[in-house]
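First comes the structure, then the notes that go with it.
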Amino acid sequence: MKKLLFAIALLCVAVSAVCAEELSLTVNKEKGEIIIPAEVNGKYLVSPTKHALSYYKGGNGEKSIMRSLVSEIDFYNALSELGAKAGNNITPADMKARSSAEGKATEGDKLSVFLTWEGSDGEIPLDDAVVSEVRDGEARPLDLRFTGNLEFAQKYRPGCYICLDSCAAGISTNAAWPTGSLNNKEVSFHGNPDVLPPDGTRVNVIVRLVK
């Protein structure tokens, strides 16, 4: 019996070690980058969503093109560790804007985001992995910022890492589309099936502070 309990204990330690390795992000201060383990959610290669990356345990974890395997709070802390400054200028009230003309664009230090996975041809810009369908006009390049929203994230735990519009929930959101852009369907987003690998594929999301 003691041998069995000892074996179970060793197994638990091994499993915990694997989980700890998988559920961690890497911060490289010298490069000014964060590497986040995630996986593709195939549903949003065809269905619209405003979420590029969300923590899988968060409220929006299953509503995102990719699921992060690390908490969004860790992401906020990692950006702060790199010296990034949050905009903290988007409130829940701003999300009620009826159009982008009435809305507000996120502020905060600028970020660039790339993806890699086994078999990817180097680093793939997030811009290439997201399809923007604009009702009138042309698609706009992503303008991702360190929006902040720490208090909202801690209180409501939506899990939002990267939102594709300016948003009061995401740690990082997109200044190219102010609040209100989605309320009158000016734009919709989904993952690019011609670029991203299949559902469930593990990817690394690389976030860099633009200096």
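Only the coordinates and a few stated rules stand behind these numbers; no lab work does. Bear in mind the structure is a predicted one, so any value in this text is a computation, not a measurement. Note that we place each Cβ from the backbone using ideal geometry, even for glycine, and neighbour counts take in every protein chain shown.
Sites listed here are GluC sites (Glu not before Pro) in segment 122-211 whose DSSP assignment is loop and whose Cβ has at most 16 other Cβ atoms within 10 Å: Glu123, Glu138. Between the DSSP loop rule and a limit of at most 16 other Cβ atoms within 10 Å, which trypsin sites (Lys or Arg not before Pro) in segment 110-172 are left? Here the sparse-neighbourhood loop sites are Arg135.
Ordering of 200-207, 115-122, 82-89 by packing is 200-207, 82-89, 115-122, highest average first (other Cβ atoms within 10 Å, averaged per residue). Residue separation of Asn88 and Arg202 scaled by 0.36 nm, minus their Cα-Cα distance, works out to 37.9 nm of gained length. Distance from the C-alpha centroid of segment 86-143 to that of segment 153-211: 6 Å, rounded to the whole angstrom.
Each Cα pair under 8 Å and six or more residues apart adds its separation to the average, and for the chain the resulting relative contact order is 30 percent. List the residues of segment 57-93 whose backbone N lies under 13 Å from a point placed 7 Å from the Cα of Glu151 along the Cα-to-Cβ direction. Taking a point 7 Å out along Cα→Cβ of Glu151, the residues of segment 57-93 whose backbone N falls under 13 Å are 88-93. Between the beta carbons of Val210 and Ser80, assuming R0 = 22 Å, the FRET efficiency works out to 0.85 to the nearest 0.05.
In sequence order, segment 134-140 has phi-based couplings of 9, 5, 10, x, 10, 4, 10 Hz under the Karplus curve 6.51 cos²θ - 1.76 cosθ + 1.60, θ = phi - 60°, and Gly or Pro positions carry x. Across segment 31-39, rounded Karplus estimates of 3J(HN,Hα) from the backbone phi angles (6.51 cos²θ - 1.76 cosθ + 1.60, θ = phi - 60°) give 8, x, 9, 10, 10, 10, x, 8, 9 Hz, Gly and Pro being marked x.
Helix 2-22 and the longest principal axis of the C-alpha atoms of the chain enclose an angle of approximately 30°. Each peptide in 158-168, 32-42 receives the mean, over its residues, of other Cβ atoms within 10 Å, and ordering these scores from highest gives 158-168, 32-42.
Hey, what angle do you get for helix 72-81 against the long axis of the chain, alpha-carbon based, 0 to 90 degrees rounded to 10? Rounded to the nearest ten degrees, it is 80. Using the crude model of +1 on Lys and Arg Cβ and -1 on Asp and Glu Cβ, and no other charge, please compute the dipole size for the chain relative to its Cα centre, in debye to 20. That gives a dipole near 760 debye.
Looking at the square roots a ≥ b ≥ c of the eigenvalues of the Cα gyration tensor of segment 115-177, which shape do they give, rounded for a/c under 1.5, prolate if a/b is larger than b/c, or oblate? It comes out oblate by the Cα gyration axes.
Rounded if a/c is under 1.5, else prolate if a/b is larger than b/c, else oblate: which is the chain, with a ≥ b ≥ c the root eigenvalues of its Cα gyration tensor? Here the chain falls in the prolate category.
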